[in-house]
Amino acid sequence: MKNSIKSLIQYGFCIPAFILIQGLSSVSAQTLDSAQIATMTREEIRLLTKDQLLDLSMENLVFLAEKMGISIDELLNLKTSVASKVILTPRETPGIVSFITKEEITNSGARDLIDVLRMVPGFDFGYDVQGVVGVGLRGNWVHEGKILMMIDGLPVNELSYANIPFGNHFPVDQIKRIEIIRGPGSTMYGGTAELGVINIITDEGSDLNGTRVTGTYGISGNNTARDNINVSTGFNIGSWDIAAHEFIGKANRSDQPFIEYISNHDNIIDLSEGGSEINTRQINFSATNDTFSFRFIYDDYKTQYNYFEDSATGNKASVNEFRSALGEIKYNYHINNKLNIIPSLKYKYNRPYFEKDYWRNFRINRLAGSLMSNYLPDDKTTLVAGIEYYSDYGHCIEDSGYFFSDSSRNLRLNNLILYAEGIRKMGKVNMVAGIRAEHNSKYGWAAAPRIGLTGVFGKFHFKALFSSAFRSPAIGNIDVANSIRPEKSYITEVEMGYRLNNSMFITANIFDIAINKSIMYFDNGGWDPGTDWGYKNTDNSGSDGMEIEWKVIHSKGYLTLNYSYYTQAFRKIPELYAVPGHNNDALALARQKLALNTGINLGPHMTLNPSAVLIGKKYAYTDVDSEENPLVSPVGPDYLINFSLVYHDLLVKGLDISCAVFDILNEKPPFIQPYDGGFYPFPGSSRELVFRIMLNSQMLGDR
């Protein structure tokens, strides 16, 4: 914690803003207190905004719902646009969606996004290369450009391979809520949203109305596991909402013995002495009003990894750096009551997989412009259409560097996008139909149509969705490919849900994912890029499965229990990802997962939060035979049991503290490489004790 505070003083920009906010005390808070809630009329409750409801405690939500004579689900009417460009309720939206609230994240004591997503059906994690941990979803390794992550609507996938590195990367202390599509998103979001979308929404100025400082310290064994600090400042000036966040983090991915290759068990590095460090710095600034918005995000993520160079040099440590700067300007032009036009301009600078002194480091710049229209011809129909264009420009930084595809230091991709979606309300049933078409200067056309029906009948709802999606090759793929096309997938999903009573909900879905001509890495043992090694369209793949979730929301707390299952018995598994002798399993990804997340209100200020994740048996390559052929072994199952205690407003209003224990049973689940790449599973960390303290500027105002 001491190092984090030192870093904040050295680098932080939020302290001046904290001082500024104290001078803006005339800006009134937007959060409702319990006294206001107790005296609200039914009409006043109807006028509450979505964000005001989301900020309330579960106890207050139950009170308001009972006063209105409706369920909490109906009261919240939590609207989302993540599965479409149209705002709908979760039971209507054309996608299999999950929502995680700030309350759930805070109460769980989550250390990073890995902890949060492990509670969501279908999510799992594996090890790629060079110290990078990636994500799997529904039995598919989606780290390779098949899932889109956004922070406040800005895509944060790196631009070389469209990967997303996880582990103390995305600060959970800034998150207001997370909206997730567990399924295809290409129709609305393009070629990195083939199998899923994660949209992180951070606190706005009106949510903060002051400054919040959060420090997190974790200890694992005898070593510091993490040492993070986050500062968020926000306020309203007239019609403007201003928010600024800064996160500075340092963590160690593991404290266990590290073996690099399955072919050499004698070379062991003890990570408890260092060698798995992660350093993160992220800044997020926004200024918005009813018609105009500006946002800027800076993300600098460094992960250390070890490798064996040669017999003379031995083991070496290197740092892999991902640096990005993202900006967006957007304007909402209100033509009339039926038509809105929204032009936007985005810029992204990306320096992925950067290593000091490496001869082929490169940076990528993306400039994108879009024009979207939202048209409501009547009260039952919504039509959304848009056009986008972006240009990716890759440039080798070192004079010695060049792109393999044409031996040039520069590589450019241009993309033109057209999309349209319509939603028609037909009584209790909604019909959605949409299509996206993209033309890329390197690989030509790709298209993603979809059609679906959703309906709400009192306590029951259903969704039937049929979608096509695609995964676009990125610069890193194209650079080492003689000929490559977007991979295509066809996904069928059916969901049914039922509200058992005002506080209990159950949903279940089944899915079928068929992927044609998967984009995959190959290595024939030679040296010629694109011919002997690189990327190409190869085997078909996919998965089938089911997900069930039960939610209980009560004034005394909440409970979420979900089970997810996948099989590849009905889909071919590419050899690179297959488990020899186990046709239903993909490497590194558990076929079954059971997750429990609870919050128990012990009083007006204290919550007790037990949680557990049962991760089923996985398979990994862990050894070689006498002829150097890889051998597979089972890993797990793993029983991750966690516990968190949170005390709000300790001694004074605005001071919150929490203590959490993760992996109480000390299972230490490893991150397994989900393809036959020769790497031994990366060791997980041992049991971790986490302390968190949050100071809000309200505390200073009460003194």
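Once the Cα-Cα distance is subtracted from the 0.36 nm per residue extended length, the Asp649 to Leu602 segment shows a gain of 15.5 nm. Selection among Gly476, Thr492, Gly452 by position relative to the dipole of the stretch 430-502 gives Gly452 as farthest towards the positive end (Cβ unit charges, Cα centre). Projected over all directions and averaged, the alpha-carbon convex hull of the stretch 458-588 occupies 11.2 nm².
As a rough guide to protection, the peptides 591-604, 325-338, 677-690, 388-401 ranked by mean Cβ packing within 10 Å, highest first, stand as 677-690, 591-604, 388-401, 325-338.
Checking a compactness column here: for the stretch 364-450, what do you get for Rg(Cα) / (2.2 N^0.38 Å), N being the number of residues?
1.59
Protection proxy ranking for 534-547, 637-650, using the average of other Cβ atoms within 10 Å per residue and placing the highest first: 534-547, 637-650. Estimated from helices alone, the mean residue ellipticity of the chain at 222 nm is -2500 deg cm²/dmol (sum of -39500 (n - 2.57) over DSSP H runs with n ≥ 4, per residue). In a simple Cβ point-charge model (Lys, Arg +1; Asp, Glu -1; nothing else charged), the stretch 553-667 has a dipole of about 680 debye relative to its Cα centre. Dipole orientation for the chain: of the candidates Gly185, Leu339, Tyr217, Leu339 has the Cα lying most toward the positive pole (charges on Cβ; Lys, Arg +1; Asp, Glu -1). Which entries in the list Lys380/Lys463; Lys102/Lys556; Lys459/Lys593; Lys536/Lys572; Lys102/Lys551 go over 20 Å, if you measure between the two C-alpha atoms of each? Those over the limit are Lys459/Lys593. Relative to its residue count, the stretch 299-414 spans a Cα convex hull of 156 Å³ per residue. Shown here: the stretch 300-346, whose C-alpha atoms stretch 73, 14, 11 Å along the first, second and third principal axes, sorted largest to smallest.
The charge dipole of the stretch 92-157, taken about its Cα centre with unit charges on the Cβ of Lys, Arg, Asp and Glu (plus for the first two, minus for the last two), comes to roughly 100 debye.
Under the combined filter of DSSP loop state and at most 12 neighbouring Cβ atoms within 10 Å, the stretch 360-389 retains these trypsin sites (Lys or Arg not before Pro): Lys380.
For the stretch 432-464, the list of trypsin sites (Lys or Arg not before Pro) that fall in a loop by DSSP and count at most 14 other C-beta atoms within 10 angstrom reads Lys459. Sites listed here are GluC sites (Glu not before Pro) in the stretch 569-672 whose DSSP assignment is loop and whose Cβ has at most 10 other Cβ atoms within 10 Å: Glu627, Glu628. With Cα atoms defining each centre, the stretch 323-372 and the stretch 410-482 are spaced 20 Å apart in the structure.
Put simply, the Cα atoms of the stretch 341-408 extend 60, 23, 16 Å along their principal axes, the longest span coming first. With only Cα atoms counted, the stretch 279-328 has Rg and Dmax values of 18.7, 64 Å. Using a cut-off of 17 Å between alpha-carbon atoms, which lysines can reach Lys316, once sequence neighbours fewer than 8 places away in the same chain are excluded? Partners within reach: Lys302, Lys356. Averaging over all projection directions, the Cα-based convex hull of the stretch 111-200 occupies 5.5 nm² in the image plane. Mind checking the log10 I(q)/I(0) for the stretch 240-340 at q = 0.19 Å⁻¹? Debye, one equal scatterer per Cα, no solvent, two decimals. Debye intensities relative to I(0), on a log10 scale: -0.96.
Treating each Cα of the stretch 159-238 as one equal point scatterer and applying the Debye formula with no solvent, the log10 of I(q)/I(0) at q = 0.10, 0.16, 0.19 Å⁻¹ comes out as -0.40, -0.86, -0.97. Treating each Cα of the chain as an identical point scatterer and ignoring solvent, apply the Debye formula and state log10 I(q)/I(0) at q = 0.05, 0.06, 0.08 Å⁻¹. These q points yield log10 I(q)/I(0) values of -0.23, -0.33, -0.61. About the centre of its Cα atoms, the chain shows a dipole size close to 2000 debye [charges on the beta carbon of Lys, Arg (+1) and Asp, Glu (-1) only; nearest 20 debye]. Counting only residues at least eight positions apart within a chain, or on another chain, the aspartates and glutamates with an alpha carbon under 16 Å from that of Lys425 are Glu92, Asp378, Asp379. Its Cα gyration tensor gives the stretch 634-699 an equivalent ellipsoid. The semi-axes, each the square root of 5 times an eigenvalue, are 37, 13, 7 Å from largest down. The convex hull drawn around the Cα atoms of the stretch 561-666, when projected onto a plane and averaged over every direction, covers 9.8 nm².
Only the coordinates and a few stated rules stand behind these numbers; no lab work does. Note that the structure is a prediction, hence the values are computed from the model and not measured. Neighbour counts are summed over all protein chains in view; Cβ atoms, including those assigned to glycine, are modelled from backbone coordinates with ideal geometry.
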